[in-house]
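Each remark here refers to the structure printed beneath this line.
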Amino acid sequence: MDGVIENDMPTSKQELEAVREKIHQLKNRQKILLNRKADAERKARTHRLIEHGAILESVFPEIIPMTGKQVKAFLEEKQGSRKGTG
């Protein structure tokens, strides 16, 4: 009986180690996939911001030399004047 248990023990240890290694690999894979997702989201946001900025510059060329604060004030003014005419 002891011989059977002893023979099973190394296999169990090997199986346990294999499972631990697989868990480690899967965790690393998860990190990689999450990083890829974050990169894709960041690239999409950057693309959107650039595209929207280009549209704003084409519609309102006067904002090109303005600072960020000036552009914000300009747009808020436009928004305020639009609300007043509605």
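So, Thr46, is that one loosely packed, with under 10 Cβ neighbours inside 10 Å and either among the polar types (S, T, N, Q) or in contact with a strand residue (DSSP E or B) (Cβ under 7 Å, 6 or more places away or on another chain) (or both) or not?
no
Residues of region 34-73 being in contact with a helix residue (DSSP H, G or I) (Cβ under 6 Å, 6 or more places away or on another chain) and either part of a helix (DSSP H, G or I) or not aliphatic (A, V, I, L, M) (or both), which ones?
Matches in region 34-73: Ile63, Val71.
FYI, it's all coordinate maths here, none of it is from the lab. Everything numeric here is computed off the predicted structure, so don't read it as measured data. No Cβ is skipped: glycine too gets one built from the backbone with ideal geometry, and neighbour counts run over all protein chains shown.
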